[in-house]
1. Looking at the range 3-27, which of its residues are out of contact with any helix residue (DSSP H, G or I) (no Cβ under 8 Å at 6 or more places or on another chain) and among the basic types (Lys, Arg)?
2. Mind telling me which of the residues 73, 90, 43, 86 ends up being of a type in the set (A, V, I, L, M, F, W, C), within 22 Å of residue 336 (Cβ to Cβ) and touching a strand residue (DSSP E or B) at 6+ places or on another chain (Cβ under 9 Å)?
3. Let me spell it out: the conditions are (1) at negative phi; (2) at pLDDT 95 or above, and residue 82 meets all of them except one. Which number is the exception?
4. Regarding residue 105, is this residue more than 15 Å from residue 12 (Cβ to Cβ) and among the aromatic types (Phe, Trp, Tyr)?
5. Give the residues of the range 271-285 that are over 27 Å from the mean Cα position of the chain (by Cα) and not in a loop (DSSP other than H, G, I, E, B), sorted by residue number.
6. Out of curiosity, is residue 92 acidic (Asp, Glu) and surrounded by fewer than 17 Cβ atoms within 10 Å (Cβ to Cβ)?
7. Determine if the range 246-269 includes at least one residue that is assigned to a loop (DSSP other than H, G, I, E, B), hydrophobic (A, V, I, L, M, F, W, C) and under 27 Å from residue 214 (Cβ atoms).
8. Of the residues in the range 172-191, how many are crowded, with 23+ Cβ neighbours inside 10 Å, within 12 Å of the chain's Cα centre (by Cα) and in a strand (DSSP E or B)?
Amino acid sequence: MRSLQNLLVTGGAGFIGSNFIRRLLKTEDFTGRIINIDKLTYAGNLENLFDVEGSYGGSRYFFERVDICDIEAVRSVFERYQVDTAVHFAAESHVDRSIFGPREFLETNIMGTFSVLECAREFWKGREDVLFHHVSTDEVYGSLGDSGYFYEHTPYDPRSPYSASKASSDHLVIAYHHTYGLPVTISNCSNNYGPYQFPEKLIPLMIDNIVGERPLPVYGDGKNVRDWVYVDDHNEAVWLIMKGGRLGETYNIGGENEWENIKLVNVMCEKIAGLQGRPLDYYKKLITFVKDRPGHDRRYAINCDKLKNELKWTRRMDFDRGLDATVNWYLANREWVERVKSGEYRKWIAKNYEER
């Protein structure tokens with residue numbers, strides 16, 4: 001029986017991690033406490049969790065500013081909080097950044113994962129009621145043609161420094177399971193969308209540029225296909241895996257929801273035009289095709305039958321409804337967007353965090 005009482009979340013101030021923490025603390029079947037460690041890089045934002053800290057801080061929620069590459073700092077967190085479960089979200093995750101600056105991706109995604117794994121191995125010392133869950137990406141599988149899907153048994157074929165670093169960390173996690181008997185599970189997910197995503201990723205970037213009437217950059221011919229899953233659906237799957245997934249196993253998490261990039265951008269243009277009383281094609285003139293990025297995977301598509309059959313997961317958020325909710329959130333939170341874009345949020349967080 002897994003303890004799931006003193007839960008370490010790495011990268012919990014980021015997009016997916018902060019949504020996971022918020023959801024879990026409001027879930028009736030989780031009664032423990034969460035220890036969030038985050039380095040607070042450009043994409044880590046404590047403002048994402050001010051409501052959580054206000055409701056649970058000091059009792060069920062604790063934050064520690066820790067770089068996962070600092071093994072002594074991670075070890076100290078394991079000891080002070082008696083961690084019995086770890087869910088590892090922390091990662092450098094933007095493909096474009098990895099192309100122009102791969103070192104940080106290798107250091108954080110590989111050596112950072114090693115640090116957390118090693119601390120878990122040392123601290124747990126063969127316990128069987130513990131769990132290390134590793135959150136990864138479908139990009140480790142490479143690129144698909146016009147048909148077919150990624151399965152858990154699909155051979156790895158990463159095409160970017162980012163996906164190569166995540167593939168390496170996946171292999172490291174499963175090696176710790178086979179070599180040391182560390183209880184682990186892994187999930188590989190498709191593209192997430194929803195609130196609190198840093199506006200460098202496709203959906204929040206396009207929303208922001210549409211509102212600002214700036215060019216909407218689309219790589220190549222725009223026909224690259226991505227599978228989109230709402231962040232809460234992804235996090236529900238992660239929690240189900242942590243509660244009942246088989247040790248040493250990988251579970252794919254997908255939205256079963258494929259979109260060509262250009263079609264998705266057109267839909268967002270229409271949605272925002274409708275909300276602002278503009279003609280539906282008003283913003284489409286901003287679409288600008290730009291040179292394709294190196295190693296740009298053509299299509300991703302996840303088969304998540306294993307997750308659905310073994311753990312009874314189902315996608316709850318219809319994409320049209322989820323996209324409406326996401327667009328409305330970003331339109332209603334323009335100050336948050338401007339703060340994270342400008343870097344001013346760091347000053348704002350420091351001031352407000354100290355006052356709470």
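1. Residue satisfying the conditions is 26 alone.
2. Numbers: 73 fails: within 22 Å of residue 336 (Cβ to Cβ); 43 fails: touching a strand residue (DSSP E or B) at 6+ places or on another chain (Cβ under 9 Å); 86 fails: within 22 Å of residue 336 (Cβ to Cβ).
None of the other options fit; the residue is 90.
3. (1)
4. Numbers: more than 15 Å from residue 12 (Cβ to Cβ): yes; among the aromatic types (Phe, Trp, Tyr): yes.
Considered against the rule, which asks whether it is more than 15 Å from residue 12 (Cβ to Cβ) and among the aromatic types (Phe, Trp, Tyr), residue 105 comes out as yes.
5. First, the residues of the range 271-285 that are over 27 Å from the mean Cα position of the chain (by Cα): 273-285.
Correct list: 273, 274, 275, 282, 283, 284, 285.
6. Values: acidic (Asp, Glu): yes; surrounded by fewer than 17 Cβ atoms within 10 Å (Cβ to Cβ): no.
So residue 92 does not fit the description; no.
7. no
8. Counting residues in the range 172-191 that are crowded, with 23+ Cβ neighbours inside 10 Å, within 12 Å of the chain's Cα centre (by Cα) and in a strand (DSSP E or B) gives 3.
The values are calculated or read from the model by the stated rules, or taken from the named source; none is laboratory data. Note that this is a predicted model, so its numbers are computed, not measured. In this analysis, Cβ positions are derived from the backbone assuming ideal geometry, glycine residues included, and neighbour counts consider all displayed protein chains.
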